[in-house]
Structures are given as structure tokens and as C-alpha cells.
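Laboratory data are not the source of any read-out in this text; all were calculated from the coordinates shown. No experiment lies behind these values; they were computed from the predicted model shown. Virtual Cβ from ideal backbone geometry, glycine too; neighbours counted across all protein chains shown.
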Amino acid sequence: MPTMSEHLLQLVALQDLDDMIRETKDQVHSNKLAEMGFEMEGMEDLQAARDELAGGIDKVLLSRYERTVKRLGRAVVPVTGNICLGCFAVIPTAYTSSENQDKILHCENCGRILYWPRGS
Amino acid sequence: MTREELISLFSPDLFIPNLKAKTRDKALMEMVDHAVEAGVIRDREVILGMLKNRESLGSTGLGSGVAFPHGRSLAIPKLMALLAVSKKGVDYGAIDGQPVNLFFMFIAPPVEKDNRYLPALGQVVELIRDDATREKLMALKKFDEFKVLLEGE
């Protein structure tokens, strides 16, 4: 069974994939890359990878992720310098205590799932 | 983006003068592992997964021996540029089917304040279209040679 930190990394990977799908569908972005010479024809493969990844995520977490995406656009956001980069609220330093290391933490202000790219 | 700004994105810590991998996945792994050792990346698997997903969308090997693995990830706090040279070439599935000897890897966070990711990528793609520059880049042995070369272009 995955640990909480592994669950979080699954959600981070899912967010990356959703961002990639969204960006690829964006005509302005796709045109810029096409002008550089990049072909982007594998949208079906990307969608299949998304389905496979989502299928391996705990259902309760996935449901929360999907609901937050619908409500706020992004469900997982990085924390830099104790600031939630989803809503710019200050995250209490207690969040990074050792007793929280095996928990998925949410911003008290916006409700997004918090991720520390550089560790705590 | 000025040439100085482009050069400043690269660093000796993220230069691999002799990439050992022979296949696409191993090359991506070697470059990401290098960035992990340099302390730029922590969650290796997330970055690797993102790069492989990007390749499934269409090869970033644009031909003439050059590839540009790139993408955005939450697992990177700021834009990262890594340069790698493979003497023997990597079977990368490039669009011309030829082995890849030169890699420019760009990984950006989902949101950037200064939006340098696509301009940097575009500028390097433009740079390597020149045959002479590309050949010089493929022969790089030291990071300083890269800086001198770009400053002179």
C-alpha cells in the first residue's frame, strides 16, 4: 500500500499530466511549439497515461482532487517560503513538523493540497 | 530574452560532457539523476514520468542529432536548463530516426513569474539550426566552451 508521501507524489504527477493535456489543447501554446518544430500528435497516448495514473490513485483522494480542480483549476500547489502558491496565504510552520510528515495537508485558506518541491 | 539571460540559465553543475546512456529512457534517467545529485530536483520519479509523457506526445528529438526534452512540473521550483553531450549518440526516436548527440533539457514550474521557459527553448532551437554552431556544441568538452560559444554567436 502506498505511503501518504507516495499518494501525494501520485497527485503531483496527475497534476503535471493534467497541466500538459491542458497546455497541449491550448492553441496558442501548441502553435508556438509547432513553429519550433515540435510535433504533438500523441494526445490519445497522453490521455491513456492519465487514465492509468488516475486508476492507481486512492478513490477518496482522487475524488477530492477532481472536485478541487473543478472548483479552483489546480488541486495541488507548491509551497515556497511558507506561502501557498495557490492563494498566497501563509502556511503555519507547524505544518512541516515531523508528526505531519505522513499526512496530506491542505491550505486552510483555499483548500488546495500542499506540496513542498524542495522538502520541508 | 537576451543571450546573457539565456546563458545564465545554464550552469557547470548541470552540464554532462559525456552522457553514457544509449537509449531514450536511460538518457532521460541519467540526466534527471544528474539534476538530483546537483540538488535541483528532489522527486525524481515525478520529473521522469513527466518527461516520458511529453515524449509520448511526440519526440522532442528534432533531428540533426539534437533533442530538447522539456516540460512543466510541480516538482521543480524554478526553471532548470541542463546540457548534455553524448559522443556515441543515443537511440532517442528522433523525428529523422538519427541518433542524438546533444541534449538541451528544460523543466519549468507550472507557473513562472518571468515566463522564460518557451523563449529560452525557442532561442536554443533557433541556435542549433546553424550547422557550424551545432557541430561546435556537439564537440563541447567543458562548460566554459559553451559560454564562450554562445557569447560569440
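Looking only at segment A:72-91, how many residues end up being in contact (Cβ under 8 Å) with a residue 12 or more places away in the chain and either assigned to a loop (DSSP other than H, G, I, E, B) or not polar (S, T, N, Q) (or both)? Residues flagged as in contact (Cβ under 8 Å) with a residue 12 or more places away in the chain and either assigned to a loop (DSSP other than H, G, I, E, B) or not polar (S, T, N, Q) (or both) within segment A:72-91 amount to 12.
Name every residue in segment A:1-42 that is basic (Lys, Arg) and either within 9 Å of chain B (Cβ to nearest Cβ) or within 15 Å of the chain's Cα centre (by Cα) (or both), in order of residue number. Scanning segment A:1-42 gives A:ARG22, A:LYS32. Being more than 24 Å from A:GLY37 (Cβ to Cβ), within 9 Å of another protein chain (Cβ to nearest Cβ), buried (at least 16 other Cβ atoms within 10 Å of the Cβ) and small (Gly, Ala, Ser), is that true of even one residue in segment B:31-44? The answer is no; no qualifying residue exists.
Let's see how each residue does on (1) exposed (fewer than 11 other Cβ atoms within 10 Å of the Cβ); (2) within 14 Å of chain B (Cβ to nearest Cβ); (3) within 19 Å of the chain's Cα centre (by Cα):
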{"residue": "A:GLN47", "(1), (2), (3)": "no, yes, yes"}
{"residue": "A:LEU53", "(1), (2), (3)": "no, yes, yes"}
{"residue": "A:VAL60", "(1), (2), (3)": "yes, no, yes"}
{"residue": "A:SER63", "(1), (2), (3)": "no, no, yes"}
{"residue": "A:ARG67", "(1), (2), (3)": "no, no, yes"}
{"residue": "A:LYS70", "(1), (2), (3)": "yes, no, yes"}
{"residue": "A:ARG74", "(1), (2), (3)": "no, yes, yes"}
{"residue": "A:LEU85", "(1), (2), (3)": "no, yes, yes"}
{"residue": "A:ALA89", "(1), (2), (3)": "no, no, yes"}
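Restricting attention to segment A:92-120 and to residues that are among the small types (Gly, Ala, Ser) and assigned to a loop (DSSP other than H, G, I, E, B), the residue that is surrounded by the most Cβ atoms within 10 Å (Cβ to Cβ) turns out to be A:GLY111. Restricting attention to segment B:52-75 and to residues that are of a type in the set (A, V, I, L, M, F, W, C) and in contact (Cβ under 8 Å) with a residue 24 or more places away in the chain, the residue that is surrounded by the most Cβ atoms within 10 Å (Cβ to Cβ) turns out to be B:ALA67. Scanning segment B:77-105 for residues that are over 18 Å from B:PHE15 (Cα atoms) and within 10 Å of chain A (Cβ to nearest Cβ) returns B:PRO77, B:ILE95. Note on segment B:106-150: residues that are more than 14 Å from every other protein chain (Cβ to nearest Cβ) and of a type in the set (A, V, I, L, M, F, W, C) amount to 10.
The helices (runs of 4 or more DSSP H) found wholly in segment B:77-153 and carrying at least 2 residues that are within 18 Å of A:LYS32 (Cα to Cα) occupy B:117-127. Of all residues in segment A:10-54, which are within 26 Å of B:ARG44 (Cβ to Cβ) and among the acidic types (Asp, Glu)? Residues satisfying the conditions are A:ASP16, A:ASP18, A:ASP19, A:GLU23, A:ASP45, A:ASP51, A:GLU52. Being at the interface with another protein chain (Cβ under 8 Å from one of its Cβ atoms), β-branched (Val, Ile, Thr) and farther than 17 Å from B:PRO109 by Cβ is the filter here; which residues of segment B:45-76 pass it? Correct list: B:THR60 only.
Among residues of segment B:1-27 that are aromatic (Phe, Trp, Tyr), those with a Cβ under 6 angstrom from a residue that is surrounded by fewer than 19 Cβ atoms within 10 Å (Cβ to Cβ), sequence gap 6+ or separate chain, pair up as B:PHE15/B:PHE143.
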